[in-house]
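J.: Structure incoming, see below.
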Amino acid sequence: MKQPVEQWFVYIVQCADDSFYTGITKDLERRVKQHNAGTASRYTRSRLPVTLEYQEEQPNQSSALKREFAIKALSRKAKQVLIYS
């Protein structure tokens, strides 16, 4: 039997202090709610509320992790180009 397709997302949220946070998840809506509830990451907990600014589908967790790492290495300006283009 064929395995169900595993859908992962790389996302960027903008925090209340105007900083960006990049992460991965299988459920974007749930993850953004967790961020805004203060239960998703230590970084965003003190920078609430957050808004989802960017999302990108990935075929599996490995690809999502690699893309997350690449996005985190970008400058703020490069992240803004990615988000707003």
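J.: Return a yes/no flag: does the range 54-67 have any residue that is surrounded by fewer than 18 Cβ atoms within 10 Å (Cβ to Cβ), in a loop (DSSP other than H, G, I, E, B) and not charged (D, E, K, R).
T.: For the range 54-67, residues surrounded by fewer than 18 Cβ atoms within 10 Å (Cβ to Cβ), in a loop (DSSP other than H, G, I, E, B) and not charged (D, E, K, R): present.
J.: State whether the residues of the range 9-28 include one that is in contact with a Phe, Trp or Tyr (Cβ under 7 Å, 6 or more places away or on another chain), among the hydroxyl-bearing types (Ser, Thr, Tyr) and either over 26 Å from residue 85 (Cβ atoms) or without any contact (Cβ under 8 Å) to a residue 24 or more places away in the chain (or both).
T.: Yes - at least one qualifying residue is present in the range 9-28.
J.: Do we find a residue being out of contact with any strand residue (DSSP E or B) (no Cβ under 7 Å at 6 or more places or on another chain), surrounded by 13 or more Cβ atoms within 10 Å (Cβ to Cβ), of a type outside the set (Asp, Glu) and modelled with pLDDT of 95 or more anywhere in the range 3-18?
T.: no
The values are calculated or read from the model by the stated rules, or taken from the named source; none is laboratory data. Source: prediction; values computed, not measured. Reconstructed Cβ throughout: ideal geometry from the backbone, glycine too, with neighbour counts over all protein chains shown.
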